[in-house]
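Scroll down for the structure; my scribbles are underneath it.
The values are calculated or read from the model by the stated rules, or taken from the named source; none is laboratory data. Treat the numbers as computed from the prediction; the structure is a model and nothing was measured. Heads up, the Cβs are rebuilt from the backbone with ideal geometry, glycines too, and the neighbour counts pull from every protein chain shown. Ligands, DNA and RNA are excluded from the accessible area calculation, which covers all protein heavy atoms including side chains. Shrake-Rupley method; radii C 1.70, N 1.55, O 1.52, S 1.80 Å.
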Amino acid sequence: MDPEIEATVSGDRPATARAAIGSTPAGAILEVAGLTRRFGGVIAVNDVSFGIVAGTVTGLIGPNGSGKSTLFRLISAEMPAHSGEVRLRGQPITRRSASEVNRLGLGRTFQLSRLYPAMTATENLVAVTRGEAKHALERAAASLDFVGLTAVADEFAANLSYGQQKLLEFARVLVNDPDVILLDEPFAGVNPVMEERMVAHIHALRDRGKTFLITDHEIRLIMALCSRLIVLDHGELLADGDPATVRADARVIDAYFGT
């Protein structure tokens, strides 16, 4: 059991502690409304709704198979929903292509690396940079500098450490300056030093008004990093609230540990 949640289980918590479900704050930059996705007879995401305010860091957590990855793919338009809608700044994006959604200001990283291993760090960023080509190198250099990878700008991606590759994926998202950033397991397999660097980068970008939705199994980090947690279980929205409230929710504890 994760020590952050174990402390709650072993301590005194009110039996009535609950997190609100499906809250959509006024003026949300990202809105998810009734999203549903099926695979054959299995409902992977079932009528999920929530909204996220600009300039915040929100965590999306849940047991394995709870629908987190599918929800990320639905939000970023990599996969069509069977019903429901996603809105970015009030504009429906559900039926747009993933590239269109990216151009509108939503970027994401992936659980499994999608870097080009035979390209340098700089080339990986230039390859996905939109706009005029003459500015691509400048923007790539700025993104590499922000994440602290200037020293390996000319190194092939395949030769970078795993942590550096994670940072390069992050820089590749930033190069097009999205307003909303989805991070898929950014801390998986990353050493503590790289974790601290990633957290610092997220905080710095949040302070500039960027909005994050992060899914990861590192509950300790997610609890400390996020001001709000959304919990999925069996494709359904189980809990939604600040970390302390979610951590004290008996439904969340039961979903993770079956207690």
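Remark: pairs (first residue in segment 86-104, among the β-branched types (Val, Ile, Thr); second residue at pLDDT below 95 and open to solvent by less than 50 Å² (accessible area, probe 1.4 Å); Cβ separation under 6 Å; 6+ apart in sequence or on different chains) = Val86/Thr94.
Among the residues here, Leu205 does not qualify as part of a strand (DSSP E or B), closer than 26 Å to Phe50 by Cβ and of a type outside the set (Gly, Ala, Ser).
Quickly run through segment 115-140 and pick out the residues that are over 24 Å from the mean Cα position of the chain (by Cα) and either closer than 11 Å to Ala171 by Cα or hydrophobic (A, V, I, L, M, F, W, C) (or both). Within segment 115-140, Ala118, Met119, Ala133, Ala136, Leu137 qualify.
Of the strands (runs of 3 or more DSSP E) entirely within segment 51-114, those holding at least 3 residues that are modelled with pLDDT of 95 or more and within 12 Å of the chain's Cα centre (by Cα) occupy 57-61, 106-108. Residues considered: Ala153, Ala136, Ala157. Of these, the only one that is closer than 22 Å to Ala204 by Cβ and open to solvent by less than 60 Å² (accessible area, probe 1.4 Å) is Ala153. Here is the figure for segment 118-177: residues that are among the charged types (D, E, K, R) and part of a helix (DSSP H, G or I) total 8. Here Phe170 does not fit the description of being open to solvent by 50 Å² or more (accessible area, probe 1.4 Å), at pLDDT 95 or above, under 22 Å from Thr129 (Cα atoms) and among the aromatic types (Phe, Trp, Tyr).
Filtering segment 193-212 down to residues that are aliphatic (A, V, I, L, M) and open to solvent by 50 Å² or more (accessible area, probe 1.4 Å), which residue is farthest from Val173 (Cα to Cα)? Filtering segment 193-212 for residues that are aliphatic (A, V, I, L, M) and open to solvent by 50 Å² or more (accessible area, probe 1.4 Å), the one farthest from Val173 (Cα to Cα) comes out as Val193.
Scan segment 96-112 for residues that are open to solvent by 70 Å² or more (accessible area, probe 1.4 Å) and not basic (Lys, Arg) and the total you get is 2. The single residue among Ser49, Ser69 that is of a type in the set (Gly, Ala, Ser), buried (at least 16 other Cβ atoms within 10 Å of the Cβ) and within 29 Å of Gln165 (Cα to Cα) turns out to be Ser69. Restricted to segment 175-192, and to residues there that are open to solvent by 30 Å² or more (accessible area, probe 1.4 Å) and over 15 Å from the mean Cα position of the chain (by Cα), the residue that is nearest to Ala142 (Cα to Cα) is Asp177. Confirm whether Leu221 is open to solvent by less than 40 Å² (accessible area, probe 1.4 Å) and in contact with a strand residue (DSSP E or B) (Cβ under 7 Å, 6 or more places away or on another chain). The answer is no for Leu221.
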